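The values are calculated or read from the model by the stated rules, or taken from the named source; none is laboratory data. All of these numbers come straight from a predicted model, not from anything done at the bench. Here Cβ is always computed from backbone atoms with ideal geometry, including for glycine, and neighbour counts include all displayed protein chains.
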Amino acid sequence: MAKEITSRTEDYSQWYLDIVHKARLADNSPVRGCMVIKPHGFAIWELMRDALDGMFKATGHVNAYFPLFIPKSFLSKEAKHVEGFAQECAVVTHYRLKTVGDTAETRQVVVDPEAKLEEELIVRPTSETIIWNTYRDWIQSYRDLPILLNQWANVVRWEMRTRPFLRTAEFLWQEGHTAHSSANEAMEEARKMLEVYATFAEEYMAMPVIKGVKTENERFAGADETFCIEALMQDGKALQAGTSHFLGQNFAKAFDVTFLNKENQQEYVWATSWGVSTRLVGGLIMTHSDDDGLVLPPKLAPIQVVIVPIPKPGPELEAASEKIAQALRARGIRVKVDNDDQNRPGFKFAEYEMIGVPVRLGLGMRDLEAGQVEVARRDTKTKENVPLEKIDQHVFELLEEIQKNLFERARAYRDAHITRVDHWDAFEQTLEEKGGFISAHWDGTTETEKEIKERTKATIRCIPLDAEEEEGVCILSGKPSRRRVLFARAY
RNA sequence: CGGGGCGUAGCGCAGCCCGGUAGCGCACCUGCUUUGGGAGCAGGGGGUCCCAGGUUCGAAUCCUGGUGCCCCGACCA
């Protein structure tokens with residue numbers, strides 16, 4: 001057994017790292033906090049990206065690209081924004097290196113002190129500033145609005161502690177940046193994109209999410225309102241999976257972006273921004289995977305079906321395998337036929353389970369003679385024999401079934417881990433013993449929120465959009481509250 | 001930036017206390033036999049023992065100083 005994975009009960013975070021490495025998703029890099037995304041990991045991200053990109057286009061957005069480097073002065077224009085990001089920015093100060101030393105042993109590259117930049121450049125932690133600096137030139141009148149723009153990019157946030165996909169110093173994401181002529185329209189946009197994210201998370205990732213609003217304390221630096229989708233991982237910790245911000249006129253004011261409205265009056269432009277990142281890959285792993293490796297929902301599986309000839313691939317088996325593959329491909333299914341004769345079937349079974357292939361077809365002479373195929377599903381680890389002539393229809397339906405099953409399973413777990421709590425003792429106890437979301441009353445003050453965080457490490461993940469009005473008293477302060485909010489320890 | 005742990009073959013580790021020609025498992029290469037759940041046998045290749053000083057006839061091992069990584073905290077998508 002060469003590729004053992006640490007069990008989830010033994011050490012959840014080691015299990016996560018094992019999955020990342022053994023499912024060949026990513027490697028560590030020589031640079032602290034950065035990772036190499038390997039082909040299999042990147043293929044998952046590509047599927048996510050393509051699906052999201054299609055959804056953005058369908059809601060009227062277009063893609064563009066803004067620079068990696070941002071003049072330092074830009075960042076300081078919006079007070080809260082700087083405050084939020086200043087702590088974690090990478091800064092470019094020079095533009096040239098030179099070599100010193102005469103011999104091969106002593107020669108080294110140093111920063112040329114002569115080549116100091118007059119104004120330092122910030123490696124973007126997010127692009128609001130450079131984009132709004134540009135929008136000033138693009139926007140004159142209400143006729144120029146709205147601008148519905150998205151960019152796919154990498155950003156850098158110099159984090160203290162990192163974990164592959166969940167929090168890396170450099171990560172890939174998309175950031176939508178829209179400009180509107182009214183507050184209402186901008187707010188609608190922010191909510192619309194939250195819906196897009198929620199739909200994507202649930203329909204593609206099979207990851208149930210709760211849509212909500214962030215408290216002032218948890219809000220994006222520079223936003224008037226931050227909407228989010230929150231998911232629950234198998235260890236009972238919450239994961240913020242996507243955010244959508246109503247930025248008000250904050251960036252328009254900071255960058256002096258105004259437009260003439262229909263009444264011929266100058267007005268500041270209203271803004272939104274929204275993003276999801278490669279963090280979603282981490283969420284995907286932690287939502288479905290088990291102690292045998294990665295489990296992927298069919299819609300995001302680079303290989304949806306693998307066909308393994310048993311025992312050794314011979315001409316007859318290869319022909320039969322290829323024929324099945326063709327039939328599946330004709331239905332738009334991503335299939336791999338593993339004709340490699342270096343590894344034994346047992347090894348291959350374990351390997352494909354490790355990398356999360358949803359369906360495996362085992363095909364041996366015995367099956368051929370019986371006119372059947374062995375169908376194994378990754379999510380339940382069950383096997384059945386299916387007649388050859390029905391295989392394509394069967395697999396097509398099975399993939400849908402698996403997609404649905406993963407979602408239902410994750411939702412059942414999530415729902416079972418939302419606990420309504422009305423007393424402080426129960427709050428602490430639930431957090432320690434059960435984890436998950438805790439639905440409780442909160443007095444609405446940042447002070448109380450911080451106090452709770454300090455005592456328990458739990459934060460307010462969101463105020464659910466569908467939270468019902470309900471009179472109650474704050475779990476900590478006993479002050480009146482009008483609705484419950486969701487607490488959890490989070491990634 | 002605080003507290004702890006670890007740097008020895010691609011990966012995981014032993015050896016270090018008690019100094020004496022660097023080892024194990026997996027992976028890799030060659031050959032044969034195997035192939036319905038991670039194959040077996042035989043042969044083989046691969047190392048600045050994190051770096052720099054020091055002690056010593058001799059250092060992976062002892063001493064000093066660096067440095068990198070991991071875990072736990074403070075910060076965060």
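Annotations for the structure displayed:
- Lone unmet requirement of (1) surrounded by 20 or more Cβ atoms within 10 Å (Cβ to Cβ); (2) in contact with a helix residue (DSSP H, G or I) (Cβ under 9 Å, 6 or more places away or on another chain); (3) not in a strand (DSSP E or B) for A:ILE307: (3)
- The range A:421-448: number of residues that are surrounded by fewer than 12 Cβ atoms within 10 Å (Cβ to Cβ) and either farther than 21 Å from A:GLY472 by Cα or not assigned by TED's automatic domain parsing to the domain that holds A:ARG483 (or both): 2
- Complete set of residues in the range A:48-84 that are in a helix (DSSP H, G or I), acidic (Asp, Glu) and either in the same structural domain as A:ALA206 (by TED's automatic domain parsing) or buried (at least 17 other Cβ atoms within 10 Å of the Cβ) (or both): A:ASP50, A:ASP53
- Only one of the numbered conditions (1) touching a residue at least 40 places away in the same chain (Cβ under 8 Å); (2) of a type in the set (Asp, Glu); (3) more than 16 Å from RNA strand B (Cβ to nearest atom) is not met by A:GLU114, and that is (1).
- Scanning the range A:356-371 for residues that are within 13 Å of A:LEU328 (Cβ to Cβ), of a type outside the set (Lys, Arg) and either in a strand (DSSP E or B) or outside the structural domain of A:ASP338 (by TED's automatic domain parsing) (or both) yields A:VAL359, A:LEU361, A:LEU363.
- Under the condition of being buried (at least 20 other Cβ atoms within 10 Å of the Cβ) and either of a type in the set (S, T, N, Q) or in contact with a helix residue (DSSP H, G or I) (Cβ under 6 Å, 6 or more places away or on another chain) (or both), the residues counted in the range A:460-480 number 3.
- Residues that are over 28 Å from A:LEU486 (Cβ atoms) and crowded, with 23+ Cβ neighbours inside 10 Å, drawn from the range A:233-251: A:PHE251
- Here A:ILE463 meets the list (1) touching a residue at least 60 places away in the same chain (Cβ under 8 Å); (2) touching a Phe, Trp or Tyr at 6+ places or on another chain (Cβ under 6 Å) almost entirely, failing just condition (2).
- Residues considered: A:LYS323, A:LYS312. Of these, the only one that is assigned by TED's automatic domain parsing to the domain that holds A:GLN342 and not in a helix (DSSP H, G or I) is A:LYS312.
- Some residue of the range A:150-165 being modelled with pLDDT of 95 or more and of a type in the set (Gly, Ala, Ser): yes
- Among (1) within 16 Å of RNA strand B (Cβ to nearest atom); (2) surrounded by 15 or more Cβ atoms within 10 Å (Cβ to Cβ); (3) part of a loop (DSSP other than H, G, I, E, B), the one test that A:TRP45 misses: (3)
Residue-wise test of (1) aromatic (Phe, Trp, Tyr); (2) touching a strand residue (DSSP E or B) at 6+ places or on another chain (Cβ under 6 Å); (3) surrounded by 20 or more Cβ atoms within 10 Å (Cβ to Cβ).
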{"residue": "A:ALA183", "(1), (2), (3)": "no, yes, no"}
{"residue": "A:GLU189", "(1), (2), (3)": "no, yes, yes"}
{"residue": "A:MET193", "(1), (2), (3)": "no, yes, yes"}
{"residue": "A:VAL196", "(1), (2), (3)": "no, no, yes"}
{"residue": "A:PHE200", "(1), (2), (3)": "yes, no, yes"}
{"residue": "A:PHE220", "(1), (2), (3)": "yes, yes, yes"}
{"residue": "A:ALA223", "(1), (2), (3)": "no, yes, yes"}
{"residue": "A:PHE227", "(1), (2), (3)": "yes, yes, yes"}
{"residue": "A:THR258", "(1), (2), (3)": "no, yes, no"}
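- Residue list for the range A:7-42, filter: surrounded by 15 or more Cβ atoms within 10 Å (Cβ to Cβ) and more than 15 Å from A:PRO164 (Cβ to Cβ): A:ARG8
Here is a yes/no grid of residues against (1) charged (D, E, K, R); (2) within 16 Å of A:ALA488 (Cβ to Cβ):
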| position | (1), (2) |
| --- | --- |
| A:THR430 | no, yes |
| A:TRP442 | no, yes |
| A:GLU449 | yes, yes |
| A:ILE452 | no, yes |
| A:LYS457 | yes, yes |
| A:ILE460 | no, yes |
| A:GLU468 | yes, no |
| A:ILE475 | no, yes |
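- Qualifying positions in the range A:125-160 - of a type in the set (D, E, K, R), farther than 15 Å from A:ALA64 by Cα and in contact with a helix residue (DSSP H, G or I) (Cβ under 7 Å, 6 or more places away or on another chain): A:ASP144, A:ARG157, A:GLU159
- The residues of the range A:132-182 that are more than 23 Å from the chain's Cα centre (by Cα) and of a type in the set (Val, Ile, Thr), listed by number, are A:THR134, A:ILE139, A:ILE147.
- Residue ranges of helices (runs of 4 or more DSSP H) in the range A:372-491 with at least 3 members within 16 Å of RNA strand B (Cβ to nearest atom) and farther than 30 Å from A:TYR352 by Cα: A:424-433, A:446-456
- Positions within the range A:21-33 being within 11 Å of RNA strand B (Cβ to nearest atom), at pLDDT 85 or above and either within 14 Å of A:MET286 (Cβ to Cβ) or in contact with a Ser or Thr (Cβ under 6 Å, 6 or more places away or on another chain) (or both), in sequence order: A:ALA23
- Checking each residue of the range A:331-339 against the condition of being within 16 Å of RNA strand B (Cβ to nearest atom) and part of a loop (DSSP other than H, G, I, E, B) gives at least one match.
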